[in-house]
1. Somewhere in the stretch 546-555, is a residue more than 21 Å from residue 445 (Cβ to Cβ), in contact with a strand residue (DSSP E or B) (Cβ under 8 Å, 6 or more places away or on another chain) and modelled with pLDDT under 95?
2. For the stretch 56-103, which positions are on the phi > 0 side of the Ramachandran plot and under 22 Å from the mean Cα position of the chain (by Cα)?
3. Which numbered condition trips up residue 289, out of (1) free of Cβ contacts under 8 Å to residues at least 40 places away in the same chain; (2) within 15 Å of residue 413 (Cβ to Cβ)?
4. Would you point out which residue out of 274, 260 is within 23 Å of residue 77 (Cα to Cα), surrounded by fewer than 18 Cβ atoms within 10 Å (Cβ to Cβ) and under 23 Å from the mean Cα position of the chain (by Cα)?
5. Find all pairs meeting these conditions: Cβ atoms under 6 angstrom apart; at least six residues apart or on different chains; first residue within the stretch 454-472 and farther than 13 Å from residue 513 by Cβ; second residue at pLDDT 90 or above and in a helix (DSSP H, G or I).
6. Going by the structure shown, is residue 395 within 12 Å of the ligand (Cβ to nearest atom) and crowded, with 22+ Cβ neighbours inside 10 Å?
7. Given (1) more than 15 Å from the ligand (Cβ to nearest atom); (2) surrounded by fewer than 20 Cβ atoms within 10 Å (Cβ to Cβ); (3) over 26 Å from residue 524 (Cβ atoms), where does residue 435 come up short, assuming only one miss?
Ligand code: F6R
């Protein structure tokens, strides 16, 4: 997730901006940049990798006296993490930084190219600055030109723009991506994507509403159409980084609806799925798929195997990377080899990918970190766009992986000609509901909190489900054991009778995933068998189940994937609340450290 800062004032502007960006490091980034304007003259610096690289580049640059500046840390979504793609992006007189995704950037870019504009980067952001300069030629009032620019953007954005034509001003706009403005009694003005850079600097801040657009100088802040409601700022930086949540894990569960829409933006259209990352020949001569991954990413892979076979009619085989790499696998060149990894650095997954490459297979990475080892090695990559995941237990990365895989299923199904037009439209319609479903699923948080006090002991947990709810059961069990240190297993519901049911008694907790849209009666009869042996049952279902000791009622949905996403959130919240009640630090469970590289 990118980070944005802005400053208007008399202090040394470069340090002010870079220190602000440092407070946003927790959001993850692969490149960074600043632009500083004094007396109508703008200087800009960018660097790939850590902020120390930007420090190094700017070590001989210092400002004295008043000025304005904007800065940005970038997490690549469109285009590689290079200096050219890093923000700020420049036009002839102006510079812009932007968080979010401009959905209609292709159309705007084409239109501007037809007018002779040259683009330097592969980003969606660059269109903003060129569009603004075109509007500047039409409107003499720069704010009117800025409004005309923002009016033409679809998607999500937090934008800061400076121009030599208004030497003491920052223009700002916000829709869908957070932006905060702060001020103090020294007439300094600050902008940032979260509170952290503003703490200790601004005395009061306003959390901009969606649709806010305005400009600021050291003497004036103007915003439309809703006035800014300034409130005093207090708190510490770590709490601010957690966005007010108790743990990063909680914050990440709560932001899933947002990151999943980022995953979809520009890719899920009304009648189609578009992956610019895959060219038309990508599936040529491919008749099967093999997917390799570890842990949570493996569970996403397993989920997709049901979807690929059902919709795209392609045989799929899923393997745990640490098993695959030592088994002397038989690989045939009609196989598309997919690896899934949040970090892009997991050694077993990387080695599996290397083996597939050596065998001459076509390879595709589904990954969250651009420029990671896995991304660099794979033939093609689809980025999941989850932003950095700070909590050790993977949550939003899983949600975005599953979303990419569902989209890929439909993309392949269309290429294979295995999906009717009507079915495609219906799938896309249901897919577009996912962000809302993820948001609504949070309604059961209080219920999970209350239930957590009953599920702390016993001799273990069985998470059970059928079909795609089996990998989700595996994922629920993994989440719980990882942060609560309680024993938990995921099982296919129909498999319990083949041995594991012998463990059933009142001290065995069964978490039953009972979606209404998929094999409900079958799962129900498996749960009845467990109940007959006195297992304590917690059912997660839109249906009341009279044999359950406890239940979490989910919303009724018409598509299994919507039930899937909702139950995923329930499992995450439940695991987190049980772990918190046990006094555990859910962001840093024992013996675990996340292998994330942010370069
Ligand atoms: C579980 C978790 C791990 C990772 C696994 C693979 O919450 O985070 O199981 O999913 O270590 O990591 P990546 O996806 O980075 O390859």
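The values are calculated or read from the model by the stated rules, or taken from the named source; none is laboratory data. Treat the numbers as computed from the prediction; the structure is a model and nothing was measured. Here the Cβ positions follow ideal geometry from the backbone for every residue, glycine too, while neighbour counts run over all protein chains shown.
1. yes
2. If the condition is that a residue be on the phi > 0 side of the Ramachandran plot and under 22 Å from the mean Cα position of the chain (by Cα), then 79, 100 are the ones that fit.
3. Every condition holds for residue 289 apart from (1).
4. The match here is 274.
5. Note: pairs meeting the criteria are 455/578.
6. For residue 395, the condition - within 12 Å of the ligand (Cβ to nearest atom) and crowded, with 22+ Cβ neighbours inside 10 Å - is met.
7. The number of the failed condition is (2).
Residue by residue, here is whether (1) touching a helix residue (DSSP H, G or I) at 6+ places or on another chain (Cβ under 8 Å); (2) crowded, with 17+ Cβ neighbours inside 10 Å; (3) within 27 Å of residue 424 (Cα to Cα) holds:
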position: 523; (1), (2), (3): yes, yes, no
position: 526; (1), (2), (3): yes, yes, no
position: 531; (1), (2), (3): no, yes, no
position: 537; (1), (2), (3): yes, yes, no
position: 540; (1), (2), (3): yes, yes, no
position: 543; (1), (2), (3): yes, no, no
position: 549; (1), (2), (3): no, no, no
position: 554; (1), (2), (3): yes, yes, yes
position: 561; (1), (2), (3): yes, yes, yes
